[in-house]
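Here is the structure we will look at.
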Amino acid sequence: MEKIVMKGGKPLCGKVKIGGAKNAALPLISSSILLDGECEFSNVPQLKDVETMCSLLKLMGAEFELKQHNLKIDASNINKTLAPYELVRTMRASILVLGPLLAKYKRASVSLPGGCAIGERPVNLHIEALRKLGAFVEVKNGYIETKAKKLKGEEIYFDIPTVTGTENVIMAATLADGVTTILNAAQEPEVVDLANFLNSCGAKIEGAGTKNIVIKGVSSLKANKVHNIIYDRIEAGTYMVLTCATKGDVEIENAPYQFLHAVVEKLKDVGASINVKKNGIRIKMKGKIKHTDIETMPYPGFPTDMQPQFTSLLSIADGSSVITETIFEKRFSHVPELTRMGANIKVSGNHAIIEGVDHLNGAPVTATDIRAAASLIVAGLAACGETVMFGVHHLDRGYENLEQKIRALSGSIRREKSE
Ligand code: EPU
């Protein structure tokens, strides 16, 4: 077990480089199941979740070569269509193999993901959509068992715009007969990255990035060129909040400004000065942090994956703020930890009512998911004194070299063994 030890109160200053997006890499790797022959990705983030997705495909028979941030995958010799509980329980995004396995191999057995720290997170919309495409799906002994003679294009309407649900349907529909239309699709940039990659392999997907996506099924897919994964908007946003909370001045190289409008607007509201550079964003913060209200929304709205980091930031703002979480029903697990550091936050239903305090005080804290961990890093680096964070494995699922990057910005942070 490990812990992270931080000494707060030092402004973060300098330059930091953002890596490839975790939530783009995971569906892209999974989509290699659909292809005939090898494909290659660049800008692959070195993260635990990416490792888990690779282990899952390896278990099925795929071959991998990973050098630095370049990944070659040949999934054409898959001989097992099983995603076992042992892997799925460590990463819910394993559900992303369901659509491509069914499309290419006409069967799949994927452990049903359970709830997690941030909510119940059912996958009923994935299952209903695959049934509509002609698959037989049954949930048995904790597994989603599915098979199909062939998949047929259909109209799929999502009650809620689901990100991985949209990605699963896109992947299933690329090799289906006929045309599939997804209505109320997720519009996240990671969905667009997946569609762009598949189109470069011969798929016919239109409208990704809008609410309506049309997929004309094709008979096979083959990679033609290396696909460069988009930059991680949540990693970039996290460094922006860190800069703001520590009253620093940081140039965030590769920050994808075009995907960060909602986050940038809120940082401007709290008083940050933000300049868009040729290759990223420079953010500076001086003086009092101002209060603001936030409501999480599907993209292009304010991302739920930035909510915990903003909770920490607003806990040291001047005045009161209200955060409304509309995506996940339990995504306030960082609040009791922040309270232990001196924050004044009351949770009522899906609202967190924050009365800004002058400063937070270092304390031992525990992270319960990736973004809760990021929020505690923000708090720890802004607080007076020493903060020790447990639950470090959550951080490693989504942030590459976080301590090294923060130390290069003059932050005081180190990892230690813990009993
Ligand atoms: N939902 C259902 N039924 C379904 C699917 C979703 O009710 O079948 C509900 C969920 O419970 C939630 C809402 O729909 O209330 C949206 O969930 P969505 O399906 O979009 O979430 P996801 O695809 O499981 C992805 C990201 C999450 C991110 C959410 C929301 C990946 C691999 N994961 O999850 O990322 O929070 O979209 O933007 O893309 C993270 O990186 O820390 C993370 C949790």
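The values are calculated or read from the model by the stated rules, or taken from the named source; none is laboratory data. Given the structure is predicted, the values throughout are model-derived calculations rather than measurements. Because the Cβ atoms are built from the backbone with ideal geometry, glycine has one as well, and the counts that use them run over all protein chains shown. Just so you know, the surface numbers come from the protein's heavy atoms only, side chains and all, with ligands and any DNA or RNA stripped out. Shrake-Rupley method; radii C 1.70, N 1.55, O 1.52, S 1.80 Å.
May I ask you to list the residues in region 121-150 that are assigned to a loop (DSSP other than H, G, I, E, B) and in contact with a Lys or Arg (Cβ under 8 Å, 6 or more places away or on another chain)? Answer for region 121-150, where residues must be assigned to a loop (DSSP other than H, G, I, E, B) and in contact with a Lys or Arg (Cβ under 8 Å, 6 or more places away or on another chain): ARG121, LEU133, GLY134, ALA135, ALA148, LYS149, LYS150. Elements of the type helices (runs of 4 or more DSSP H) sitting completely within region 232-332 and holding at least 2 residues that are open to solvent by less than 30 Å² (accessible area, probe 1.4 Å), more than 16 Å from the ligand (Cβ to nearest atom) and closer than 18 Å to LYS10 by Cβ: these cover 233-245. Checked against the criterion of being more than 15 Å from the ligand (Cβ to nearest atom) and more than 20 Å from ASN141 (Cα to Cα), region 78-98 contains one or more residues that satisfy it. Only one of the numbered conditions (1) touching an Asp or Glu at 6+ places or on another chain (Cβ under 7 Å); (2) more than 23 Å from SER219 (Cα to Cα); (3) away from the ligand (no atom under 16 Å from the Cβ) is violated by LYS67, and that is (1). If you go through region 173-196 and keep only what is within 16 Å of the ligand (Cβ to nearest atom), open to solvent by less than 30 Å² (accessible area, probe 1.4 Å) and either within 24 Å of SER42 (Cα to Cα) or at pLDDT below 95 (or both), you end up with GLU188, PRO189, GLU190, VAL191, ASP193, LEU194, ALA195.
Considering only region 133-144, state which residues are crowded, with 17+ Cβ neighbours inside 10 Å and either within 13 Å of the ligand (Cβ to nearest atom) or more than 22 Å from GLU155 (Cβ to Cβ) (or both). Break it down stepwise before answering.
Of the residues in region 133-144, the ones crowded, with 17+ Cβ neighbours inside 10 Å are 133-135, 137, 143-144.
Once the filter is applied, which keeps residues that are crowded, with 17+ Cβ neighbours inside 10 Å and either within 13 Å of the ligand (Cβ to nearest atom) or more than 22 Å from GLU155 (Cβ to Cβ) (or both), region 133-144 yields VAL137, TYR143, ILE144.
Here ASN199 meets the list (1) within 23 Å of the chain's Cα centre (by Cα); (2) open to solvent by 10 Å² or more (accessible area, probe 1.4 Å); (3) in contact (Cβ under 8 Å) with a residue 24 or more places away in the chain almost entirely, failing just condition (3). Residue by residue through region 19-38, note down the ones that are within 13 Å of the ligand (Cβ to nearest atom) and either among the charged types (D, E, K, R) or at positive phi (or both). Within region 19-38, LYS22 is the sole residue that qualifies. Out of ASN350, ASN361, one residue alone is more than 29 Å from TYR257 (Cα to Cα) and surrounded by fewer than 19 Cβ atoms within 10 Å (Cβ to Cβ). It is ASN361.
Restricting region 39-51 to residues that are in contact (Cβ under 8 Å) with a residue 60 or more places away in the chain and not hydrophobic (A, V, I, L, M, F, W, C), the residue that is nearest to the ligand (Cβ to nearest atom) is ASP49. Here SER109 qualifies as part of a strand (DSSP E or B), touching a residue at least 24 places away in the same chain (Cβ under 8 Å) and either on the phi > 0 side of the Ramachandran plot or surrounded by fewer than 23 Cβ atoms within 10 Å (Cβ to Cβ) (or both).
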